[in-house]
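What follows is a short report on a single structure.
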Amino acid sequence: MMNVSHQYPWVCMAQQQLGPTKDTSPSLVGLDSVVFDTILSKYTPTIEDFMKHFVGSFTPWEWQRINNLQCPSYFGRMSSQLRREQSKLKEFFLRWSMKEAYTKALGQGMHINFDEFETRLHNGVDVDIDNKDNQSPVASGLQEEGIWRSIMKKGQKQPQLSVIGKVKRIKDPTSWEYWKFIFVPLGSEGDQSGDLAKKTHGCSCICRGPLGKYAQKSKVERTPAVIESLTLVDLIEFHGSNPI
């Protein structure tokens, strides 16, 4: 019922709370943390070159969502448009974190090939032709729709996204599993100036489930995760030692 992930400079842990006011039954929990940075070199001089190394880890549908915006066109129909470079990079890392959190929840990690399954999100995050009730956020005129835009939706006191997702095994496309995906931005909480979206440079994805077959009709939690944070100095002092 707990999982750990690290990506410099973050170490994150997710734990399910059980009790009278929490979930009454345990479920599998996976966690992955990503930072929106790339290591560019002479072999991968651009973000596009960096991402091409991972195309085989995604299904064609997922790769299309990473690279393209879904935009409203004439008569209410949807059309694709290439994302800007930074939007593409964030969508890539967030979709990667979903896959890794799911496989870690199963206790398999990267022993499962990432192209063997596909992940899609409900509640308007993904445009899904199999779900008639799933409406795209770009219908309201958003310029950069996708997972990150949904996480940083205006009006939230603490930006987070809790959403039901479904996982399809490619070898059995008729069988879907439902899981809850919770996205928690990683940024500079101490700095109260400026735009949080600009200060944030990473994100954690928590995967919890599997859920029942009616999970896609359940309401999104308003407070999906209780966040506690501490620095390395705090941690050392907590254990009774003086920081160097």
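Only the coordinates and a few stated rules stand behind these numbers; no lab work does. All values derive from a computational prediction rather than experimental measurement. A quick note on method: Cβ atoms are made from the backbone with ideal geometry, for glycine too, and the neighbour counts reach across all protein chains shown.
Observations, loosely collected:
- Available extension along the chain between Lys213 and Gln15 is 68.9 nm, counting 0.36 nm per residue and deducting the alpha carbon span.
- Among 3-13, 59-69, 106-116, 201-211, the order from most to least packed when residues are scored by Cβ within 10 Å on average: 201-211, 59-69, 3-13, 106-116
- Ranked by how many other beta carbons lie within 10 Å on average, peptides 161-167, 225-231 from highest: 161-167, 225-231
- Computed from phi, the 3J(HN,Hα) profile of the range 34-50 under the Karplus parametrisation 6.51, -1.76, 1.60 (θ = phi - 60°) reads 10, 10, 7, 10, 10, 9, 8, 8, 5, 8, 10, x, 10, 4, 4, 5, 4 Hz, with x in place of Gly and Pro.
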